[in-house]
Amino acid sequence: MGYQGDRFRERITRELLCDAVALSARIAVWEAQRVAVVAEVERRCTREDHGFASTKGWLSSVTVVSPGAAGRIVELGAGLAEHPAVAEAFDAGRIAFEHALLIVRFCTKPPKGMPAEALPGCVAALLAAADGPLARTDGVRTAIAKLEAIFESDDQPASEDTDRNELYVSKTLNGRVAIRGDVDAVTGEMLLTALSKYSAPQPASEGTPDARAPRQRRADGLTQLLSMLLAFGDLGVEGGERPHLSVHVHARDLGQDRREEYARRTQPADNTDTHPADPGDPADVADLSDLAEVRGIAWSPWMGPLTINTARLLGCDANVTAIILDEHGAPLSVGRTHRTITRAQRTALAARDGGCAFPGCGATAAWCEGHHIRHWADGGPTDLDNLVLLCGTHHRLLHTTDWEVTIGRNRHPVFTPPASVDTARQPIRPRRRRRPFARSSRSGGVRSGSEPAV
């Protein structure tokens, strides 16, 4: 249904409002149907049926549903199967997806002091709080908190129950990070005590009050705490290395004044070729999956693109590791004499793959393992052209299913799905975060050749 041009303008306000309400009601019904269908997929199908390690991974790979949303759909479907009263309200469109999920989570992990016979009454109370268009998430959470207080056990109050601790850290669409959590009182005390010094108001020397809101001061304090911890704290080992900030950037970009570079790029040269580019030339047609592979940006394993200025700031006090790249931006061989992957090879794999190379996976390099494409026992060398970085789940998937991985002509991994996923078995090039790479261009770009990145 499209309201374009004159047709849109001719519709009266009441009809538009009614259409919006009707469409929302239909979407709620379709959402309930999707949850039910995905729940059946979770119950019936195995990795041999859909070719993925989990229903969540399958759903987020074959649709535009994000991995987080796919996980919530699977979670709600499983919970509704155990609690028919909640399922009935959700299927009828009386409660929202988010509210149904909150109620299911309460039922799955009820207060320790609540007897089993009290659950139906609690569910009825929560459904009443979640029912109808005027229900709000805060109201449902308040109802849950009241029930938890009523059934608080004598053993340990909910405020001190570490089993309830949760922390969500997720990237947002605009490249930032959203943090949401629920921790016990002791952990909260430690956090607030640690933040106190660095989040206090800081008036100017002439007495002007600190203009930052409390939320801004807390965020600034957290930044200072993390900087101090990474600089001086003993955090143990992760992925074969001690935690540290890693940034991949071309050495020439790291040392160049970006203002001079910008001026050079924006000022047309006398011999600039003004002829239109050949639209069939791959050097002129942007590959949207590789927008990060351009001059003038850096790349971090967790967050992806960073500005060169930020990379230069971090590089003022950093250990620099050189990785020599070929003309395709793939690291050159760094050794092949060992069965196990060396630290240098892990660093090079992280620079090439950016983390788990499996299509659709976002696992960072610290959580990944090196996989021999041709097994070591079969004569496969421990060389970059025979290695790919995979998380534990997808490493097992490669060994237990018909998924295949090869190294393409550009020396990057290419995955081929089993026939159960794609009958044509069309190869898939991973579309994920990548480190900077200078792409050849007719508009003044510089071809990379073999050069170091840090």
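The values are calculated or read from the model by the stated rules, or taken from the named source; none is laboratory data. For clarity, every value in this text was computed on a predicted model and none was experimentally measured. Positions of Cβ are generated from backbone atoms using ideal geometry, with glycine treated the same way; all protein chains shown enter the neighbour counts.
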Exercise for review: Given the conditions (1) assigned to a strand (DSSP E or B); (2) under 14 Å from residue 412 (Cα atoms), report the number of the one that residue 369 does not fulfil.
Suggested key: (2)
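Listed here are the residues, each with its yes/no results for (1) more than 26 Å from residue 148 (Cβ to Cβ); (2) surrounded by fewer than 10 Cβ atoms within 10 Å (Cβ to Cβ); (3) of a type in the set (Phe, Trp, Tyr); (4) within 21 Å of the chain's Cα centre (by Cα).
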position: 162; (1), (2), (3), (4): no, no, no, no
position: 167; (1), (2), (3), (4): no, no, no, yes
position: 171; (1), (2), (3), (4): yes, no, no, yes
position: 175; (1), (2), (3), (4): yes, no, no, yes
position: 183; (1), (2), (3), (4): no, no, no, no
position: 202; (1), (2), (3), (4): yes, no, no, no
position: 206; (1), (2), (3), (4): yes, yes, no, no
position: 215; (1), (2), (3), (4): yes, yes, no, no
position: 220; (1), (2), (3), (4): yes, no, no, no
Review point. What single numbered condition from (1) part of a loop (DSSP other than H, G, I, E, B); (2) touching a Gly at 6+ places or on another chain (Cβ under 6 Å) fails to hold for residue 414?
Key: (1)
Check your understanding: Quick one: which helices (runs of 4 or more DSSP H) sit completely within segment 1-52 and have at least 3 residues that are modelled with pLDDT of 95 or more and surrounded by 12 or more Cβ atoms within 10 Å (Cβ to Cβ)?
Key -> 13-44
Point to revise | Boolean, residue 32 is outside the structural domain of residue 425 (by TED's automatic domain parsing) and more than 26 Å from the chain's Cα centre (by Cα) | key: no
Exercise for review: Considering each residue of segment 79-99, count those that are under 27 Å from residue 162 (Cβ atoms) and crowded, with 17+ Cβ neighbours inside 10 Å, and give that number.
Suggested key: 3
Practice item. Kindly indicate whether residue 396 is under 28 Å from the mean Cα position of the chain (by Cα) and modelled with pLDDT under 85. Key: no
Check your understanding: Which residues, taken from segment 64-97, are charged (D, E, K, R), free of Cβ contacts under 8 Å to residues at least 40 places away in the same chain and part of a helix (DSSP H, G or I)?
Key -> 72, 75, 82, 88
